[in-house]
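Scroll down for the structure; my scribbles are underneath it.
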Amino acid sequence: MYHPVISQCIQNLKCLETCLDKAEQHAAAKKFDVGVLMTSRLAPDMQPFIYQVQSACDYVKAAAAWLSGQSPPRHEDNEQTVDELRARIRKTVALAESMKEAQYAGASERKVKLSWAPGKVIGGEDYLLQLTIPNTFFHLAMAYAILRHNGVDVGKRDFLGPVNFVDA
C-alpha cells in the first residue's frame, strides 16, 4: 500500500512541475514577471504559491522517508523562483523514487514523531491516511487553484496526469 501511494504523490508533484512551464508561458504571453505568480495567494490569510509547493514536497519527502524507516532530510524553505521550485520538486521526487517497495515493509507499525506534537507519535498507517495524503493533495490543489485563479491554463487533467487505462 505504501509504495503505490507514495508513487501517486510523486506523479502529482511531476504534474505540478509541468504546470510551472505553463505558468512561465502564461506570464510571457501576458508580458508580466512570473514571480508575481510565485507570491500569489487566493485569500489574504492564505499562504502563497511558493509555500503550497514547498509544503506538498515536504509531506511527500517526509512520508517516503519515515515510512521506509529513515529520517527525512531538511530542506530550507528559501525558494523564490520557478527554477528554485523546480529544483525542490526534483529533489523531493529523487528522494521518494530512491525508496524501493521493500523498504516500506512494516510501515504500518512504524511510529512517526511529529514536531508539532511533542511527546506523541502516530502509527505509520494513520500518518499516511490522516496526514500525508490529505495534506499533500490539499497543498497541490491550492497550488493549482492559485495558478488557475491567475489565468494560467491548467485544469483537472493537468492535476491528474496520465491515467493507466486497460483494455475493456
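From most to least packed by mean Cβ count within 10 Å, the peptides 45-52, 22-29 give 45-52, 22-29.
Overall, the ratio between the Cα radius of gyration of segment 117-162 and 2.2 N^0.38 Å, rounded to two decimals, is 1.58.
Computed from the C-beta positions of Ala102 and Ile133, the FRET efficiency with R₀ = 35 Å rounds to 0.95. Sorting Ile10, Ile122 from the fewest to the most surrounding beta carbons within 10 angstrom yields Ile122, Ile10. Each residue of segment 155-167 was assigned a 3J(HN,Hα) from its phi angle through the Karplus expression (A = 6.51, B = -1.76, C = 1.60, θ = phi - 60°), giving x, 4, 5, 5, 6, 6, x, x, 10, 8, 6, 10, 5 Hz with x at Gly and Pro. Based on Cα contacts under 8 Å between residues 6+ apart, segment 79-163 shows a relative contact order of 14 percent.
Taking each of Lys30/Lys91; Lys61/Lys113; Lys61/Lys120 in turn, the alpha-carbon distance tops 24 angstrom for Lys30/Lys91. From the largest down, the chain spans 52, 49, 24 angstrom on the principal axes of its Cα atoms.
Here, each number is a calculation from the coordinates, and none is a lab measurement. No experiment lies behind these values; they were computed from the predicted model shown. Don't worry about glycine lacking a Cβ; one is built from the backbone with ideal geometry, like all the others, and counts go over all protein chains shown.
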